[in-house]
Structures are given as C-alpha cells and as structure tokens.
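These notes are about the structure you will find just below.
The values are calculated or read from the model by the stated rules, or taken from the named source; none is laboratory data. Owing to the predicted nature of the structure, the values given are computational and were not obtained by experimental measurement. Positions of Cβ are generated from backbone atoms using ideal geometry, with glycine treated the same way; all protein chains shown enter the neighbour counts. What goes into the accessible areas is simple: the full protein's heavy atoms, side chains included, and nothing from ligands, DNA or RNA. Shrake-Rupley method; radii C 1.70, N 1.55, O 1.52, S 1.80 Å.
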Amino acid sequence: MPHKPPFILITALSLMAASLCAEMAAAQDRPWMNRALSPDTRADLVIAEMTLEEKLGLVVGTSQRPTGETVGAAGYVAGVPRLGIPMLREANAELGVGIPPLGDTVRPEDEATALPSGLATAASWNPVIAQANGAMIGEEARRKGFNVLLAGAVNLARDPRTGRNFEYAGEDPLLAGTMAGAAIRGIQERHVISTVKHFAINDQETNRTLLDSRIDMGALRESDLLAFELAIERGRPGAVMCSYNLLGGIHACENSILLNQVLRQDWRFPGWVMSDWGAVHSTSEAAHAGLDQESGADWDSRAYFGEPLAIAVAEGTVSTMRVNAMAHRILRSMFASGVIDDPPAPQPLKINADAQVAQHAEEEGIVLLRNEKDLLPLSSNLRRIAVIGGHADIGVLSGGGSSQVIPVGGPALRIEFKRRADTIPYAMIFDPSSPLKAIAAKAPHAQVTFADGEDVDAAAMAAKGADVAIVFATAWEIEGHDAQSLSLPRDQDRLIGAIAAANRRTIVVLETGNPVAMPWHEQVGAIIEAWYPGQRGGEAIANVLFGAVNPSGHLPITFPASTAQLPRPDLPGRNIAWNTTFTVDYREGAAVGYKWFEQQHATPLYPFGFGLSYTQFRYSDLRVSGGKTISASFTVTNIGKRAGAAVPQLYAMVPGAGGSALHRLVAWNKLALRPGESRRVHVTADPRLLAHFDEAQRGWHIVAGDYRIALGASSSDLRLAATAHLDDGMLPP
Ligand code: BGC
C-alpha cells in the first residue's frame, strides 16, 4: 500500500504547482520574463509591447526624486511598471555606496561602508581585492534598493595633481583596466548593474566641461582607451558613462568616434551609453553619435532627450529604429545583470563583514616607501610613542565629491567648505577609525601621546622624548578641482621637518589622494603611503606599523620629484572664461607616467610599481618565449625572515604609436611566500600590450623583431632581462 504523503509535503507540492502556474501565466503574458531566453531576445520581446512614449521615458533620467520615492539616488530612470520593468535607481559607488551629490532629504546622511581610495585598491595589485570590494558595494547597494552603480572609474592618471585620481586605478592601462574590471565584476555578481566611466580622456578636473582633449588616436588606443577596453572585457559592465570633456573638438557624449566606432563597432559593446550628469549638448547629434540615455537631464542646460527627442522622432531627424536600439541596449543590460529577475530587496547591512572587506583592501594597498635600518615594524614593547597630526586621534581622511561615502558610524570629523552660494557645501570627511587608538592597542605598555601638530614646537617637544614619533600628514582632494602643487598643504612639510629634527626615529604616514613631494624624505626613518584608508583605516595602518600585516602594496602611480618633470608643469585651463573651451594637447601620447619618465630620462621620487616589504624577495631563472605573444616564467624566493607577498612585474620594451620604444607593464603576479619558500610563476602577455595601434590599418600591429623583456620589483628596479622574438602580426581593433 502506498503510504500517505505527509501534509507538509502536499502543501509544498501544491505551492510549487501554484507558483509554476503563475510563472506559466506570466510567461504567456510576459514572455520576456522567461529566464531561459537570451537578454537580447527578452529585450526585443518587451520592446515589441512598449509605446514610443515608454521607450522615450527609458532614455532619459533625472536627479529629482520622484514623488513617493523612498530611495534617495543620484539618478532615476522611470521604468515601465505595467510590463514589469523596474525604475532604475542609480548611486555613485567607486568607494562604497555614495550619498546623492546635491544633498537629499531622504538620505542625506545615509551611511555605508567606506572603502579605501581607488589608488589604495590599485596599489594592492590584487584583482581579488578589487572584486571583493565590488561585491561588498553591490550587496550594500541591493540592500539599500539601488540597481545601478555609477562605478568603474578608470581614467588614467596622466597628471599626479588630478583631483579625482583617488577614485581611479592609476597610470597604467593594464593595471587600471584589470583592477576596474574586477571591481565591476564584483558589483554585477550581486545582480546590480555597474557602469565604467568617464569615457574618455577626462583626465583633469580643472574646468573639465570646457576641456578639449587632443591626442593622437593611436596613442589614445594604447593608453586611456586600452584601460577601458580591458575593464569592459573583464567586468562586462551594463553601461558606459561618457564624460564631460570634448575630444578633438567634439563633446564625448556626442562623439561618434568614441561611441559608435570604438565602443560599438570595434569592441562590440552590447550595453548602453549613459551621459555624465550635465554632459549632454544636443538631441539628434548625440542620438546619432551613440548616446543612449541622458542622465540627470535636470543638470543639462536644458533637456535634450525626452520631449525634444520625441519631436526629433516626429520630425524624422531621429528614427524610431534608433530609439528602439537605445531602449534595447538598456533593457538587455537589465536582463543580463539580473536586476529584473533578482531585484534589490531592502535589508540591513552586514556592517562587520563589510568593514573587514574595507580593512583588508587597505592592508594590501598600503605602500611602504622607506624603512631605514628596519625602523618598522615596531615592537609592542615600546615605552613612549608620540602620535602627531592628521586628526589621527579620531579618524582617517576621505576624498570629496560624488564618490563621497558617509561612513558607518557617521563622520568622525566634518569640515565644511562652501563652494559657491548656489551649491551645497562640500565637506572634508574623516572616517571614524582612530589610528591613535589602534596604535595604543598594539603597544599596551606604552605611553601614547597625541599632539594635533598645530603648534609645531609643542609637537617637536612631544617627539623628542619618545621612542618613536609617528606623524600623520593629510592632503584632501575633491572632484572638480585639481591640486595646485605636489606639496602637502597647511605647512605640514615644516611640521615633519621639525619632528624629524627632534627624533630620528620618525615615521610619516601619508593620507593623500595623490602623490606628494617629500622635501624631508631623507630625514625621516620610515614613510608609508596609506592613501585614503577607509572605514577601518586606523586598524589597517596599526597592523602594518606593528607587523601584524607585512606591507605588500606597490605604487600604481609615479611619485614625481617635482612638477617640472611633468608633461605639463603648469596645469592648463585655469583662468578660462565660462563660454570658451580650451585645448590640452596630450603630446606625451601613450607615454603616461613611468613611460614619460623613461622617455625623458627623469628620475622620480618613487617609481611606478615600487613598494617595500618587511622581507626580501629574490627573482631568478627568467625564461621567455615569443611567437605571437610573450610568455615568461621565473622563480620568486622569499629570502627574508617573515612571510610576505611579492609583486614581480614583467615589462617589455615596445615601440608605440609615438615611435620610440619604452618599457610597458605586460604582466604581473602577486604571490604570498613563507620565509625560504620559492615558487615558479608563469605569465603570458596580452598581445595588444606588445603592439602599436595602427590607425591607418585600424588594428593592433606587432612588428616582427627581438624584444627586451625585463622582470622587476618596480618600473625602475628591473633585475633580470631576456630577449624574445615576436612574429609580425595584425590583431583586430
Ligand atoms: C560625476 C560622476 C557621477 C555623477 C552622478 C558627476 O558629476 O562626474 O562620476 O557619477 O556626477 O553623481
């Protein structure tokens, strides 16, 4: 006799049957909800049901919060509720879920986990860290109700004074593209759409909307565009955000070469192009050039999509086919990312786990720049420690602008700056993680004092009697502004000089958004670059100072000795009238950062790729092979007494669009090794890194020949070299 199924099983079965019926009914009503279909098919199916008005609604966003909306976002795009298409709710998110840029009544102080700066994450040279950061932000965004993150900032750091470098991933296209791609992948893993931005060559903040970037197109492909290309391949972002500036006299958001030719035709990017906020200047020109969505239309001098686009369609200047294509691209990304199948569900944040992600990123991103006589790591038996400056008693600095995150626990300190009468104040925000407290916890027997550094003599007195003096120096960067020099602001150089004179065992901890000059650098015992350290920055810094973490960060950006070494010693575009544009000729082409320094035979203060450890590594037995690309293998050995992680970097000397052969980073690895441990590493270069971009033939050209390949611990510390032969080859664009 068959025995009776228990009641619970019957209930479960009937519930499953009911939901199956509902799904089947939905599948009949809404065939685009069928997850088995491709995102493109699903987009086509839903577009077939949409009115022109609904499609036009999808291609324009606003920063004005719709009535009844409870999520305070940087941007909103109306959905099509009758067809199950949700509203897009967009948040800034390079460094954590940001607050809306113009202040918002719903969530003006909405807290989220603050990551260290983009340069810090890039300095880890570890894509696993970048991906974990992305996944953390993606999850927090979901829990706050967002389905689009304005993340993936990958503009190359062409100038160490650029005010947004701290959001970006440095000066090298391979490093930046790899790290940004990994962060995007992490975000989208959580079923939230990520952008990649700002496309392209918005490489300074000073008068960025008037900036007309001029550069050889081949050189652009080998530099800024290569960073985007790699980030897009690795991260597959749902959208690309076009930038404020012009390129070759044409605004980026109506630049057909950038949007139609490079992005669509050459890279086959299937997602949509959204504008930066206030970056649209036309209706049909922009639509034809490849712009799919006007973001924050209330930021433009007037709306260009929406009503004006409807008129353009009625008049036939823009075809309905083009409008369909725009809507298609948006919808296919929505289906592909999962924001429709697995929408955000408001929930509290996992604060502790997320803070650990931020701490780990900072621990791997801190760069040890100097360590005379092994001053670091510090012993836990120190008796007197003088901590000075940088508000280190209460927190760590963060960068300003649209990427600003209000940290969990609220700011430890907020210093308001009013920009113009009509805009909200920008504030310098310190994350609530006190280095002083974290240091005191590491040295339980020590008397740990704090001097704010305002009174230089008092600070020097405190340093004089201490076993070590730890000076925290800060430099604030903010979107929309570039640093006027490389010097630390507020006379901090004088403070550090006075402390170093009082105590030879002085350690400088830099919390900066950019490289800085260090006139005192020979006088201090140790220097660490902690960037903007994030939610648990204080703990991460203390872990490095006391050796609980062995530093393994390497510079993703060259630290110049002075501005005279830069391609443009004077920042262009400073005194420009609001109705004119100004041209910046990027004559260095693809020779950005360390490549420029090599070309100029200039010696920087600290080179790209540089970073010390508390142990030492030996590189040996480099073997290379050529052909269509270069493969290399080598052995890395930890020859010191502590476990640590090495970042061996492979450079190839390649002639670029500009002609001269320069070293380019073509591969790297990050590997943790115990004392005495050796490991064999194998890497293969992406062949585009061995080619120059040939505009006439529209492709990547590898010129046959023998190439010098070098393995180093930085771009200036090349320890082993070999030669490999490459065959002549043409790669598609
Ligand atoms: C920034 C973007 C940001 C947008 C929305 C713009 O000013 O350049 O990076 O995503 O504002 O807040």
Scan the stretch 116-169 for residues that are more than 10 Å from the chain's Cα centre (by Cα) and on the phi > 0 side of the Ramachandran plot and jot them down.
Trp125, Gly145
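Yes or no: the stretch 42-61 includes at least one residue that is within 16 Å of the ligand (Cβ to nearest atom) and in a loop (DSSP other than H, G, I, E, B).
Among the residues of the stretch 42-61, at least one is within 16 Å of the ligand (Cβ to nearest atom) and in a loop (DSSP other than H, G, I, E, B), which makes the answer yes.
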Could you check the stretch 82-91 and list, in sequence order, the residues that are within 13 Å of the ligand (Cβ to nearest atom) and open to solvent by 10 Å² or more (accessible area, probe 1.4 Å)?
Arg89
Identify the residue in the stretch 438-492 that is touching a helix residue (DSSP H, G or I) at 6+ places or on another chain (Cβ under 8 Å) and within 16 Å of the ligand (Cβ to nearest atom) and, among all such residues, is nearest to Ala517 (Cα to Cα).
Glu477
When only residues in the stretch 690-726 that are at pLDDT 95 or above and open to solvent by 70 Å² or more (accessible area, probe 1.4 Å) count, which is farthest from Ala219 (Cα to Cα)?
Arg719
Please determine whether any residue of the stretch 209-229 is within 14 Å of the ligand (Cβ to nearest atom) and either modelled with pLDDT of 95 or more or touching a Phe, Trp or Tyr at 6+ places or on another chain (Cβ under 7 Å) (or both).
yes
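Of these, Ala180, Ala141, which one is closer than 22 Å to Asn514 by Cβ, touching a strand residue (DSSP E or B) at 6+ places or on another chain (Cβ under 7 Å), within 15 Å of the ligand (Cβ to nearest atom) and in a helix (DSSP H, G or I)? Spell out the reasoning first.
Numbers: Ala141 fails: closer than 22 Å to Asn514 by Cβ.
After applying the criteria, what remains is Ala180.
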Mind telling me which of the residues Ile527, Ile496 ends up being open to solvent by less than 10 Å² (accessible area, probe 1.4 Å), more than 19 Å from Gly399 (Cα to Cα) and touching a Leu at 6+ places or on another chain (Cβ under 6 Å)?
Ile527
How many residues are over 24 Å from Ala43 (Cβ atoms) and either buried (at least 22 other Cβ atoms within 10 Å of the Cβ) or without any contact (Cβ under 8 Å) to a residue 12 or more places away in the chain (or both) when one looks only at the stretch 53-70?
2
Pull out all pairs, ordered by first then second residue, where Cβ-Cβ is under 8 Å, the residues are six or more apart or on different chains, the first lies in the stretch 249-261 and is among the hydroxyl-bearing types (Ser, Thr, Tyr), and the second is in a helix (DSSP H, G or I).
Ser256/His288; Ser256/Ala289
Lone unmet requirement of (1) assigned to a helix (DSSP H, G or I); (2) away from the ligand (no atom under 16 Å from the Cβ); (3) open to solvent by 40 Å² or more (accessible area, probe 1.4 Å) for Ser333
(3)
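Restricting the search to the stretch 523-570, which residues are β-branched (Val, Ile, Thr), part of a loop (DSSP other than H, G, I, E, B) and under 18 Å from Gly609 (Cα atoms)? Explain how you work it out, then say what you get.
Start the filter on the stretch 523-570 by keeping residues that are β-branched (Val, Ile, Thr), which leaves 524, 527-528, 541, 544, 549, 557-558, 563.
Narrowing further to those that are part of a loop (DSSP other than H, G, I, E, B): 524, 549, 557-558.
Of everything in the stretch 523-570, those that are β-branched (Val, Ile, Thr), part of a loop (DSSP other than H, G, I, E, B) and under 18 Å from Gly609 (Cα atoms) turn out to be Ile557, Thr558.
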When the stretch 280-305 is checked residue by residue, the ones that are over 24 Å from Asn579 (Cα atoms) and either within 15 Å of the ligand (Cβ to nearest atom) or open to solvent by 10 Å² or more (accessible area, probe 1.4 Å) (or both) are His288, Gln293
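Give Pro127, Pro116 a once-over and let me know the one that is crowded, with 24+ Cβ neighbours inside 10 Å and either within 16 Å of the ligand (Cβ to nearest atom) or modelled with pLDDT of 95 or more (or both). Show your work before the answer.
On the way: Pro127 fails: crowded, with 24+ Cβ neighbours inside 10 Å.
Result of the check over Pro127, Pro116: Pro116.
Please verify whether the stretch 149-172 includes one or more residues that are part of a helix (DSSP H, G or I), more than 16 Å from the ligand (Cβ to nearest atom) and touching a helix residue (DSSP H, G or I) at 6+ places or on another chain (Cβ under 6 Å). Before the answer, list the steps.
Of the stretch 149-172, the ones part of a helix (DSSP H, G or I) are 165-167.
Within this subset, residues satisfying the condition of being more than 16 Å from the ligand (Cβ to nearest atom) are none.
There is no residue in the stretch 149-172 that is part of a helix (DSSP H, G or I), more than 16 Å from the ligand (Cβ to nearest atom) and touching a helix residue (DSSP H, G or I) at 6+ places or on another chain (Cβ under 6 Å).
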Taking the stretch 230-243 and keeping residues open to solvent by less than 10 Å² (accessible area, probe 1.4 Å) and either among the aliphatic types (A, V, I, L, M) or within 16 Å of the ligand (Cβ to nearest atom) (or both) leaves Leu230, Ala231, Pro237, Gly238, Ala239, Val240, Met241, Cys242, Ser243
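Working carefully through the options Arg574, Arg642, Arg587, Arg568, find the one that is basic (Lys, Arg) and over 28 Å from the mean Cα position of the chain (by Cα). Give the derivation first.
Working: Arg574 fails: over 28 Å from the mean Cα position of the chain (by Cα); Arg587 fails: over 28 Å from the mean Cα position of the chain (by Cα); Arg568 fails: over 28 Å from the mean Cα position of the chain (by Cα).
Testing whether each residue is basic (Lys, Arg) and over 28 Å from the mean Cα position of the chain (by Cα) leaves just Arg642.
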Among residues belonging to the stretch 353-405 that are within 16 Å of the ligand (Cβ to nearest atom) and not small (Gly, Ala, Ser), point out the one that is surrounded by the most Cβ atoms within 10 Å (Cβ to Cβ).
Val405
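Mind counting the residues in the stretch 275-309 that are touching a residue at least 60 places away in the same chain (Cβ under 8 Å), hydrophobic (A, V, I, L, M, F, W, C) and under 17 Å from His328 (Cα atoms)?
2
So, in the stretch 630-661, exactly how many residues are assigned to a loop (DSSP other than H, G, I, E, B) and among the hydrophobic types (A, V, I, L, M, F, W, C)? Quick ask: steps written out before the conclusion?
Looking only at the stretch 630-661, we keep the residues that are assigned to a loop (DSSP other than H, G, I, E, B), and these are 630, 639-643, 647-648, 656-660.
In the following step, the residues that additionally are among the hydrophobic types (A, V, I, L, M, F, W, C) were identified as 630, 639, 643, 647, 657.
Selection size over the stretch 630-661: 5.
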The condition of being away from the ligand (no atom under 16 Å from the Cβ), open to solvent by 80 Å² or more (accessible area, probe 1.4 Å) and not hydroxyl-bearing (Ser, Thr, Tyr) holds, among Pro348, Pro411, only for Pro348
Do you know which of the residues in the stretch 183-201 that are more than 16 Å from the ligand (Cβ to nearest atom) and in a helix (DSSP H, G or I) is least open to solvent (accessible area, probe 1.4 Å)?
Gly186
Do we find a residue being open to solvent by 50 Å² or more (accessible area, probe 1.4 Å) and either touching a strand residue (DSSP E or B) at 6+ places or on another chain (Cβ under 9 Å) or at pLDDT 95 or above (or both) anywhere in the stretch 549-559?
no
For Glu69: the one exception among (1) acidic (Asp, Glu); (2) at pLDDT below 95; (3) under 26 Å from the mean Cα position of the chain (by Cα)
(3)
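Please count how many residues of the stretch 623-642 are basic (Lys, Arg) and over 30 Å from Asn550 (Cβ atoms). Walk me through it before giving the result.
At the first step, the residues of the stretch 623-642 found to be basic (Lys, Arg) are 623, 628, 641-642.
Restricting the remaining residues to those that are over 30 Å from Asn550 (Cβ atoms) gives 628.
Residues flagged as basic (Lys, Arg) and over 30 Å from Asn550 (Cβ atoms) within the stretch 623-642 amount to 1.
Can you name the residue in the stretch 662-689 that is in a loop (DSSP other than H, G, I, E, B) and under 12 Å from Ile630 (Cβ atoms) and is also most open to solvent (accessible area, probe 1.4 Å) among such residues? Let's see the steps before the verdict.
Quick first cut of the stretch 662-689, residues in a loop (DSSP other than H, G, I, E, B) only: 669-670, 674-677, 685-686.
Now drop any that are not under 12 Å from Ile630 (Cβ atoms), which leaves 685-686.
On the way: Ala685: 5, Asp686: 34 Å².
Of everything passing the filter in the stretch 662-689, Asp686 is most open to solvent (accessible area, probe 1.4 Å).
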Checking Gln599 against (1) assigned to a helix (DSSP H, G or I); (2) in contact with a Gly (Cβ under 6 Å, 6 or more places away or on another chain): exactly one of these is not met. Which one?
(2)
Residues being part of a loop (DSSP other than H, G, I, E, B) and surrounded by fewer than 21 Cβ atoms within 10 Å (Cβ to Cβ) - total across the stretch 575-596:
9
